[in-house]
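Report on one structure; see the data block that follows.
The values are calculated or read from the model by the stated rules, or taken from the named source; none is laboratory data. As the structure is a prediction and not an experimental result, all values here were calculated from the model. So basically every Cβ, Gly included, is an ideal-geometry build from the backbone, and we count neighbours across all protein chains shown.
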């Protein structure tokens, strides 16, 4: 699961799209207005973010509102926590050897 999330966020434009959604929900048009990319490009980035479980969408009239999926960053958070714990354990071992 974290591979898809990391892959989705590896693209700088996609990260920018995600960061805009973190700041607040929005439509494709609202998001595209903040970036130097077309609406179709934003739609493609949102499709990938959604497939990775990072955003959800909801129909509102003729538009779709995109927002952060609160569970989407869980896999990355768990992976980072594991790496942090390993690093701290290694640091502790090194400190105890000196």
- Task: Run down 29, 53 and say which single residue is outside any helix (DSSP H, G or I) and surrounded by 10 or more Cβ atoms within 10 Å (Cβ to Cβ).
- Result: 53
- Query: Among the residues of region 3-23, is any on the phi > 0 side of the Ramachandran plot, modelled with pLDDT of 90 or more and out of contact with any helix residue (DSSP H, G or I) (no Cβ under 7 Å at 6 or more places or on another chain)?
  - Reply: no
- Could you say whether any residue in region 67-79 is surrounded by 15 or more Cβ atoms within 10 Å (Cβ to Cβ), modelled with pLDDT of 95 or more and either part of a strand (DSSP E or B) or touching a helix residue (DSSP H, G or I) at 6+ places or on another chain (Cβ under 7 Å) (or both)? yes
